[in-house]
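Shown next, in structure tokens, is the structure this report addresses.
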Amino acid sequence: MSDVTFSLKTLLRAGENQRDQCRAQLADALRDEDLLAQRQVELDRQRRELTARCREAASPGELDVEQLKEYHRHQRHLIAEQERLAAERQQAADLIETRREELLAADRKVRALEKLDAKQRRRLDLARHRRQRREFDELAATARERMPDHETL
């Protein structure tokens, strides 16, 4: 029985290590998504500022055509960057979902192994208790056999 117990403990440790690794991978994916979200906020801010500058440059009065062209080129660049970033954020969201599922699976595996380990320990404790009781019964029987008849109560 001890070989089975050792194997189970080894499996449990391996499962816990896998679960910890899944947790770390999920944390990394969440950090990456957070960085992408921060980048999105920054791009939104840049676009708002650029839009305000474009309105200001196009207001009545002298027009700086070259400046307006530069603003529009920069705006197209920001839009393209936002589209690329949106695709990256979707990939990050998909990865986060995958990592969560992996963590849940690893956690279920560890919990199942813990239950199996507890069941096995109860079974071993019960077997040890029965063995001890049998030994005590045998000792009592041996002691009774050795007692002379006149000493029995």
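No value in this document is a laboratory result; all are computed from the given coordinates. This structure is a prediction, so every number in the text was calculated from the model and none was measured. Here the Cβ is made from the backbone with ideal geometry for all residues, glycine too, and neighbour counts use every protein chain on show.
Scan the range 97-119 residue by residue and report those that are surrounded by 17 or more Cβ atoms within 10 Å (Cβ to Cβ) and under 10 Å from the mean Cα position of the chain (by Cα). Of everything in the range 97-119, those that are surrounded by 17 or more Cβ atoms within 10 Å (Cβ to Cβ) and under 10 Å from the mean Cα position of the chain (by Cα) turn out to be 99, 102, 103, 106. If you check 102, 88, 97 for being touching a residue at least 40 places away in the same chain (Cβ under 8 Å) and closer than 25 Å to residue 20 by Cα, only one passes: 102.
Do the conditions hold for residue 73, that is, is it out of contact with any Asp or Glu (no Cβ under 7 Å at 6 or more places or on another chain), closer than 21 Å to residue 43 by Cβ, without any contact (Cβ under 8 Å) to a residue 40 or more places away in the chain and in a helix (DSSP H, G or I)? Please lay out each step first, then the result.
Numbers: out of contact with any Asp or Glu (no Cβ under 7 Å at 6 or more places or on another chain): yes; closer than 21 Å to residue 43 by Cβ: yes; without any contact (Cβ under 8 Å) to a residue 40 or more places away in the chain: yes; in a helix (DSSP H, G or I): yes.
The answer is yes for residue 73.
Would you say residue 112 is of a type in the set (A, V, I, L, M, F, W, C), within 30 Å of residue 17 (Cβ to Cβ) and touching a Cys at 6+ places or on another chain (Cβ under 9 Å)? Break it down into steps so the answer makes sense when it comes.
Working: of a type in the set (A, V, I, L, M, F, W, C): yes; within 30 Å of residue 17 (Cβ to Cβ): yes; touching a Cys at 6+ places or on another chain (Cβ under 9 Å): no.
Here the answer is no, as residue 112 does not meet what is asked.
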